[in-house]
1. Of all DSSP beta bridges located in segment 17-173, what percent are antiparallel, nearest 5?
2. Just want to confirm a number: the relative contact order over the chain, from Cα pairs under 8 angstrom separated by 6+ residues, in percent.
3. Could you tell me how many degrees, from 0 to 90 and to the nearest 10, lie between the Cα long axis of helix 202-211 and the main elongation axis, the longest principal axis, of the Cα atoms of the chain?
4. On average, how much area does the Cα convex hull of segment 20-123 cover when viewed from any direction, in nm²?
5. How compact and how long is the chain, expressed as Rg and Dmax of its alpha-carbon atoms in Å?
6. Where Rh denotes the Kirkwood radius from the mean inverse Cα pair distance, what is Rg over Rh for segment 124-223?
7. In square angstrom, what is the accessible area per residue of the chain with a 1.4 angstrom probe?
8. Name the residues of segment 80-111 whose amide N is less than 12 Å from a point 7 angstrom out from the Cα of LEU46 along the C-beta direction?
Amino acid sequence: FTDGGQDTEGRLGVALAFPPVKQMSPFSDDALLLGRVGAAEPLTRLDEEGELQPLLAQDWDQDGDGAWTLQLREDVAFHDGTPMEAEHVADALEHASAASPRPRALAGTDLEASAEDEHTVRIDTGEADPILPQRLSAPELAILAPSAYEEDPVAPDPVGAGTGPFELTGVGGGSATLEAHTDYWNGAPSAQGVDVDFVENDASRVGGLRTGEVDVVLSLIHI
């Protein structure tokens, strides 16, 4: 996201075709949506060529037993102000592994995560898994603050708990609101916030873009 187009206060208006089904919980079909609005991030990412790139984890190595050790960025804070540490990442991965149904990225994979020190996470998959770093790029494995799991560990609440450039502050009633995360590790976003409307009608989304009511539309036409 960059400067808000039509909004004089620097906010972006976004129209999306499909509303969230579980309040943007990453352990649901909302996982991709959560990432698209910039509210949460996984440990790694795939670039446009499908090549693995660092994100919340900046390096990774596999040891002789097949386990992976990940070095985390040291300048990440969750939206609630909690500094991201290895124990938080390990807990988030353990919650994902215990979710039912399990995230598709972990299908057929046993996972045990633990903190080796403040910014080092060890992930043991039992049998060697050479593509684990690629699995960790999945949006359903986004890392959330401990507060996200307090009320319901199997349906974490991402409001105020992500690491992305925008903090999710509210979702429901056909819309979602996000505010700029000024302490974002990759630099504060240019837009002051994002106002998302879930508009299932194709013509309405296109009309909003033409009239300047929204700045960004995903899925101009869905089938």
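The values are calculated or read from the model by the stated rules, or taken from the named source; none is laboratory data. Every value quoted in this text rests on a predicted model; they were computed, and no experiment measured them. FYI the Cβ positions are ideal-geometry reconstructions off the backbone, even for glycines, and counts take in every protein chain you see. These area figures cover heavy atoms from the full protein model, side chains too; ligands, DNA and RNA do not enter into them. Shrake-Rupley method; radii C 1.70, N 1.55, O 1.52, S 1.80 Å.
1. So the antiparallel bridges amount to about 100 percent of the total.
2. For the chain, the relative contact order is 31 percent.
3. That helix lies at roughly 70 degrees to the long axis.
4. 7.5 nm²
5. 17.8, 59
6. For segment 124-223, the value is 1.06.
7. Heavy-atom accessible area per residue stands at 49 Å².
8. Label zone hits: 105.
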